[in-house]
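The values are calculated or read from the model by the stated rules, or taken from the named source; none is laboratory data. None of these values were measured; they are calculated from a predicted model. Glycine gets a Cβ as well: all are built from the backbone with ideal geometry, and neighbour counts include every protein chain shown. Side chains included, ligands, DNA and RNA excluded: accessible areas come from the protein's heavy atoms. Shrake-Rupley method; radii C 1.70, N 1.55, O 1.52, S 1.80 Å.
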Amino acid sequence: MKLLNLLPFVLFLAGFGCSSTPAPKAALRQYPMHGQVEKLDAVARVATIKHEKIGDWMDAMTMDFPVRDAAQFAKLKVGEKIAATVYVQDIDFWIGNIRVEPDATPGGRKR
Ligand SMILES: [Cu+2]
């Protein structure tokens, strides 16, 4: 009986707690991406990539992508063609799952 009397108060506190925390994040979306590394910012860990069309998310362009995984960022080289996964959540996006694609141009590196 006493517990039941406390219930409204507990619910009030729970609601109060919720209002101070951020809204739940939108579902994480993933898109395959192909592009060429144009520039690397090791301080911000951002790669400028000339990318092809990315699913229904974005047309082809050159833009900056944050790379959350430091080890993956360290392996990137300017001029390299890569395949990666773009992760999109709310207004955040970043790339991961980065693989080097063989360079088919004459004199290009084969990996
Ligand atoms: Cu873009």
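Structure values in brief
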| item | result |
| --- | --- |
| Pairs where the first residue, in region 43-65, is over 12 Å from Trp94 (Cβ atoms) and the second is loosely packed, with under 14 Cβ neighbours inside 10 Å and among the basic types (Lys, Arg), C-beta under 7 Å, 6+ apart | Thr48/Lys39; Asp59/Lys53; Ala60/Lys53 |
| Enumeration of residues in region 32-67 that are away from the ligand (no atom under 14 Å from the Cβ) and exposed (fewer than 12 other Cβ atoms within 10 Å of the Cβ) | Ala42, Val43, Ala44 |
| Qualifying positions in region 34-91 - assigned to a helix (DSSP H, G or I) and of a type in the set (A, V, I, L, M) | Ala70, Ala71, Ala74 |
| Odd one out for Lys81 among (1) of a type in the set (Lys, Arg); (2) within 16 Å of the ligand (Cβ to nearest atom); (3) surrounded by 14 or more Cβ atoms within 10 Å (Cβ to Cβ) | (2) |
| Residue check for Lys25: open to solvent by 80 Å² or more (accessible area, probe 1.4 Å), at negative phi and in a strand (DSSP E or B) | no |
